[in-house]
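Scroll down for the structure; my scribbles are underneath it.
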Amino acid sequence: MAATEVPGRGPRERMVYSAAQLIRRDGVASTGMREVAVHAQAPRGSLQHYFPGGKEQLVNEAVGWAGRYAGNRVTRFLAALPEPTPSGLFAEMVRQWTDEYAAVGFAGGCPVAAATVDCAESVVATREAASAAFATWSGSIAHALGEMGVPEQRAEAMATLMISALEGAILIARAEQDVRALATVARELGPLLDAAVREGDRRGSWGSPAERP
């Protein structure tokens with residue numbers, strides 16, 4: 001979706017959105033301020049006005065936007081499920097990517113992952129922005145899993161597992177130009193994720209291991 005197709009966004013918001021879209025396709029190094037302005041259909045002079053910290057500020061804000069977007073998508077995925085389950089949530093997370101790749105090809109990846117690969121060792125602020133973005137996304141997933149009955153500590157671990165598996169499968173899918181890896185992680189992780197709910201149910205019925213007879 002082009003930035004101009006999203007209603008209610010001013011030039012600043014469009015540029016952050018456009019930066020995220022270009023980073024997810026081309027990486028940070030190949031995403032220039034000029035390209036961002038053109039993609040956002042924003043005046044080039046507005047870049048300095050809105051982003052006095054230059055490209056680093058823009059990249060960091062795009063990464064933050066991507067983390068919030070991913071977190072908010074979790075809520076929308078859950079709302080679309082007739083009966084929320086961890087496997088169902090993960091399947092929706094995967095389907096977002098399989099649908100995109102079926103529709104427009106394999107050019108795009110995760111902007112947070114792209115920024116991490118490009119900048120983790122060279123730009124501390126961007127690494128920190130990426131870390132915060134992953135934490136936002138993971139927190140939303142962990143909260144959703146907790147609402148389904150997964151114990152809190154287990155939910156945090158499972159959220160990390162889900163994101164790690166998805167990001168790895170996205171990378172493989174782009175390399176292979178095939179959604180095989182995405183389909184595989186959805187199929188193989190589903191039973192493990194749902195088992196965490198049953199574990200929570202057993203703990204609720206029997207108490208903690210120390211409390212059991």
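Readers should treat all values here as calculations from the given coordinates under stated rules, not as data from a laboratory. These numbers come from a predicted model, not from an experiment. Using ideal geometry, Cβ is built from the backbone for each residue, glycine included, and neighbour counts are taken over all protein chains shown.
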Suppose the Debye formula is applied to equal point scatterers at every Cα of the chain; what is log10 I(q)/I(0) at q = 0.09, 0.11, 0.19 Å⁻¹? -0.40, -0.58, -1.35
Along the charge dipole of the chain, which of Pro82, Met33, Leu192 sits closest to the positive end, that is, farthest toward it, with unit charges on the beta carbon of Lys, Arg, Asp and Glu (+1, +1, -1, -1)? Met33
Could you work out the local net charge near Met33, counting Lys and Arg as +1, Asp and Glu as -1, over the other residues with Cβ closer than 10 Å to its Cβ? +2
Please report the net charge: other residues with Cβ closer than 15 Å to the Cβ of Ala115, K and R +1, D and E -1. -2
For the Ile172, Gln41 Cβ pair and Förster radius 41 Å, calculated FRET efficiency rounded to 0.05 is 0.75
Choose one of Thr116, Ser46, Val150: the residue whose Cα lies farthest towards the positive end of the charge dipole of the chain (beta-carbon charges +1 Lys, Arg; -1 Asp, Glu; about the Cα centre). Ser46
Check: C-alpha center region 112-167 vs C-alpha center region 49-92, spacing in Å is 11 Å
Between Arg25 and Ala80, what length comes free when the chain is fully extended (0.36 nm per residue of separation minus the Cα-Cα distance, one decimal in nm)? 17.0 nm
Expressed in µm² per second, the diffusion coefficient of region 115-200 from the Stokes-Einstein equation, with Rh the Kirkwood radius over alpha carbon pairs, at 20 °C and 1.002 mPa s, is 151 µm²/s
